[in-house]
Amino acid sequence: MKKILLTGALGQIGSELTAALQQKYGTDNVVATDIRYSEGAFGEGAVFETLDIMDGQKLLDIVKKHKIDTIIHLAAMLSANAEKHPQRAWDINMNGLMNSLEVAREENCKFFTPSSIGAFGPSTIKNNTPQVTVQRPTSIYGVSKVASELLCDYYFTKFGVDTRGLRFPGLISYLTPPGGGTTDYAVDIYYQAVKKKSYTSFLDRGTYLDMMYMPDAIGATMRLLEAESGDLIHRNAYNVTAMSVDPESVASSIRKHIPEFELSYDVDPIRQAIAESWPDHIDPTAAKEEFGFNPQYDLDRMTADMLKQVKPN
Ligand code: NAD
Ligand code: SER
């Protein structure tokens with residue numbers, strides 16, 4: 001990888017992945033793009049282009065102009081927002097992906113895009129969910145993620161595009177707010193713990209979901225991107241996770257630092273239904289075996305860092 005382009009770079013993942021790639025490969029060698037523009041978002045000397053991923057010709061022009069050899073496609077609509085705008089979600093998540101894959105094919109680029117635990121559904125085994133299993137999701141986000149995994153497989157087998165992907169769980173971070181997902185409570189709870197010493201959860205008690213701290217998500221992405229292509233059997237959709245938590249277990253971890261922290265519930269039926277259709281805990285063995293996935297943060301270690309980082313903000 002010599003010259004890397006990201007779509008959706010101003011989002012929760014892109015803002016941190018862009019910085020990590022700039023550090024590793026050099027600021028000049030990373031081209032951040034997003035439909036939005038944010039002055040100075042990626043520091044001095046950063047290369048930024050405004051790009052609506054629906055404009056495939058403009059993506060092709062940018063890739064040619066900067067001699068890009070790796071595309072990291074992050075622009076998408078997340079689960080809760082997608083459920084409010086299903087047609088638009090399908091359009092962005094599928095046609096945006098198709099545009100990026102086409103450019104990767106034409107320009108012979110390596111390609112990475114995330115899938116999600118949302119690619120599973122209620123008929124999937126909920127605990128220790130295998131790498132290869134039933135995928136019949138009931139949210140439009142999940143339907144688009146299964147189709148994305150398959151489309152990336154197709155571009156690999158049909159055209160030889162070096163596609164790669166991870167099924168991310170809920171990602172927890174403090175630099176950029178999450179973009180409208182079902183797992184967003186697990187970020188908000190830390191901000192409210194610091195600000196008000198209380199939090200009202202939109203997911204119900206006992207709703208277990210996989211989560212991961214952003215440094216582990218960035219680490220997993222970099223490792224997968226650098227892995228030898230020949231080592232990757234499940235190349236487009238590795239299960240990755242670092243913990244399985246419900247709102248009460250996050251609250252208990254927070255109380256080790258803020259003993260008076262109070263948790264209450266006001267359940268949002270739409271996000272609750274999505275959460276209940278997802279696994280409690282997926283099995284990341286294939287990622288460990290095939291590219292050395294090795295998360296460093298469990299719940300308590302992540303909580304300690306989140307509270308430390310959120311405080312100054
Ligand atoms: P996000 O919502 O934080 O960011 C998405 C970015 O895409 C935003 O900056 C937005 O401006 C941009 N965007 C939206 N429409 C666009 C368009 N038409 N053209 C160009 N840019 C556009 O999302 P994220 O959390 O960074 O997620 C990135 C990817 O990772 C998505 O595919 C998402 O499904 C996946 N993922 C995220 C999580 C998570 O917890 N954050 C978990 C699993 C999978
Ligand atoms: N965090 C994401 C969401 O809730 C999982 O894909 O949409």
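Could you tell me which numbered condition Gln23 fails, if it satisfies all but one of (1) surrounded by fewer than 19 Cβ atoms within 10 Å (Cβ to Cβ); (2) touching a residue at least 40 places away in the same chain (Cβ under 8 Å); (3) more than 16 Å from ligand 2 (Cβ to nearest atom); (4) in a helix (DSSP H, G or I)?
If we test Gln23 against (1) surrounded by fewer than 19 Cβ atoms within 10 Å (Cβ to Cβ); (2) touching a residue at least 40 places away in the same chain (Cβ under 8 Å); (3) more than 16 Å from ligand 2 (Cβ to nearest atom); (4) in a helix (DSSP H, G or I), just (2) comes out false.
For Phe112, which of the numbered conditions (1) of a type in the set (A, V, I, L, M, F, W, C); (2) touching a Cys at 6+ places or on another chain (Cβ under 8 Å); (3) within 16 Å of ligand 2 (Cβ to nearest atom) fails to hold?
The number of the failed condition is (2).
When both residues are 6+ apart or on different chains and their Cβ atoms are under 7 Å apart, which pairs have a first residue that lies in the stretch 1-20 and is part of a loop (DSSP other than H, G, I, E, B) and of a type outside the set (A, V, I, L, M, F, W, C), and a second that is surrounded by fewer than 24 Cβ atoms within 10 Å (Cβ to Cβ) and at pLDDT below 95?
Gly11/Thr176; Gly11/Gly179
Before we move on, is Pro114 in contact (Cβ under 8 Å) with a residue 60 or more places away in the chain and within 15 Å of ligand 1 (Cβ to nearest atom)?
In short, yes.
I want to confirm something. Restricting to the stretch 169-179 and keeping residues that are in a loop (DSSP other than H, G, I, E, B) and within 6 Å of ligand 1 (Cβ to nearest atom), which single residue is modelled with the lowest pLDDT?
Once the filter is applied, the top-ranked residue is Gly179.
Determine if the stretch 232-241 includes at least one residue that is touching a helix residue (DSSP H, G or I) at 6+ places or on another chain (Cβ under 6 Å), assigned to a strand (DSSP E or B) and within 15 Å of ligand 1 (Cβ to nearest atom).
Looking for residues that are touching a helix residue (DSSP H, G or I) at 6+ places or on another chain (Cβ under 6 Å), assigned to a strand (DSSP E or B) and within 15 Å of ligand 1 (Cβ to nearest atom), one finds at least one in the stretch 232-241, hence yes.
Going through Lys65, Lys58 one at a time, which residue ends up being more than 14 Å from ligand 1 (Cβ to nearest atom) and farther than 30 Å from Ala273 by Cβ?
It is Lys65.
The values are calculated or read from the model by the stated rules, or taken from the named source; none is laboratory data. Owing to the predicted nature of the structure, the values given are computational and were not obtained by experimental measurement. Here the Cβ is made from the backbone with ideal geometry for all residues, glycine too, and neighbour counts use every protein chain on show.
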